[in-house]
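The values are calculated or read from the model by the stated rules, or taken from the named source; none is laboratory data. Being a predicted model, the structure only gives us computed values, none of them experimental. Cβ: placed from backbone, ideal geometry, glycine included. Neighbour counts: every protein chain shown. The protein model used for the area step is the full one, side chains on, heavy atoms only, and it has no ligands, DNA or RNA in it. Shrake-Rupley method; radii C 1.70, N 1.55, O 1.52, S 1.80 Å.
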Amino acid sequence: MIKRAYKERLYPTPEQTELLAQSFGCARFVWNNTLAYRTTAYQQQGESVSHSTAEKRLVSLKADYPWLKDVSSVILQQTLRDQKTAFDNFFNPKLKARYPRFKKKDGRQSIRLTRAAFRYRDGEITIAKAKTPLPIRWSRPLPSEPSSITISRDRAGRYFISCLCDFVPEAFPVTPKTVGIDLGLSDLFITSDGAKSGNPRHLKRYEAKLARLQRRLAKKQKGSRNRQKLCQKVARLHAKIADCRRDAIHKASRTLINENQVICVESLNITGMVKNRSLAKAISDAGWGEFVRQLEYKAAWSGRQLVKVSQWYPSSKLCHGCGHKVEKLPLSQRHWHCEGCGEAIDRDINAANNIRTAGLAGFACGATGAGAAA
Ligand SMILES: [Zn+2]
């Protein structure tokens, strides 16, 4: 059994909106206040503040700021636990996590509620101190009672609920099909079958619109009402673009997992690549990291194998047909002629085929395979 989050849109009533705004505000206050205390203690005495000290401080915070009692205490305790995790991550040298940061009023807001702070009955969720269940637009029923929920509001003002549930993955029937995937720039990926993913529809249009709005925004006076309105518009468009991308990635990873038993990808050093300025935008935009992450967990759930091929394997420079290797192949060159066998070669499809071969070879000796281990 594994835990899986189910995220849905939420449309709070005016009363609930007020309660949520209050809860976001209190959680943010406790987070920022405790973070400031921890930071000062560390800078002045070189001490790290323990979780139990932070919990004791919360009691006195509530005495000093009685409005903190207007929201469920579970939310505030959870905020402290989340901060503890953030610090644990920061002090873990393996994770290379950043120092926890202050939460801003205009950023994404969120609260986490454990079992004691909400009721789940007949598919409806009611949070503590609310009189009515939350109006949620369910896209599918939950497989079990949630063990915790996270309610958030993004910068575009949209509300979401994410429910953590027990989930029993079901392995798919085995298929003989295998595929190699080359991660591309203009296309998110190209498969060894020669299929190119293309880019999400509407994306170009949204992006052009965003550029236009941002130019207008730059001319507006700081603090003006018009500027504020335009800011909201920009945030909404940003959210739309992000949704569009995420949707496309989810669909693509799902199709690949459904159709193939073994999926071979190149393991990429993405942080290393993003430092290269000219590639930076394209790579972050294309969402490679997220794509591979999705392939990884979906493979594990469905009984498929994801095989990662070393990034140093010369997948682009080898001819898949005869094994001839070219010495130089600039990134701009998308097609080449193999001197070994005379074939005309499409750079990306050739690379995808090489990745597939290398992946299956490694897989046959049991060398790698994230999904295989799970
Ligand atoms: Zn060749």
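Before moving on, here are some points about what is shown:
- Counting only strands (runs of 3 or more DSSP E) wholly contained in the range 296-347, the ones carrying 1 or more residues that are within 16 Å of the ligand (Cβ to nearest atom) occupy 335-337, 344-346.
- Exactly one residue out of T17, T34 is modelled with pLDDT of 95 or more, of a type in the set (S, T, Y) and closer than 21 Å to R153 by Cβ, and it is T17.
- For the range 52-67, the count of residues that are surrounded by fewer than 16 Cβ atoms within 10 Å (Cβ to Cβ), assigned to a helix (DSSP H, G or I) and touching a residue at least 40 places away in the same chain (Cβ under 8 Å) is at least one.
Residues are listed down the side, and each one gets a yes or a no for (1) on the phi < 0 side of the Ramachandran plot; (2) part of a helix (DSSP H, G or I); (3) among the hydroxyl-bearing types (S, T, Y); (4) open to solvent by less than 80 Å² (accessible area, probe 1.4 Å):
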position: F90; (1), (2), (3), (4): yes, yes, no, yes
position: K104; (1), (2), (3), (4): yes, no, no, no
position: P133; (1), (2), (3), (4): yes, no, no, yes
position: I151; (1), (2), (3), (4): yes, no, no, yes
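- Only one of R293, R334 that is under 17 Å from D182 (Cβ atoms), open to solvent by 70 Å² or more (accessible area, probe 1.4 Å) and of a type in the set (D, E, K, R): R334
- Looking across the range 348-374 at every residue that is open to solvent by less than 60 Å² (accessible area, probe 1.4 Å) and assigned to a loop (DSSP other than H, G, I, E, B), the one that is modelled with the highest pLDDT is identified as G366.
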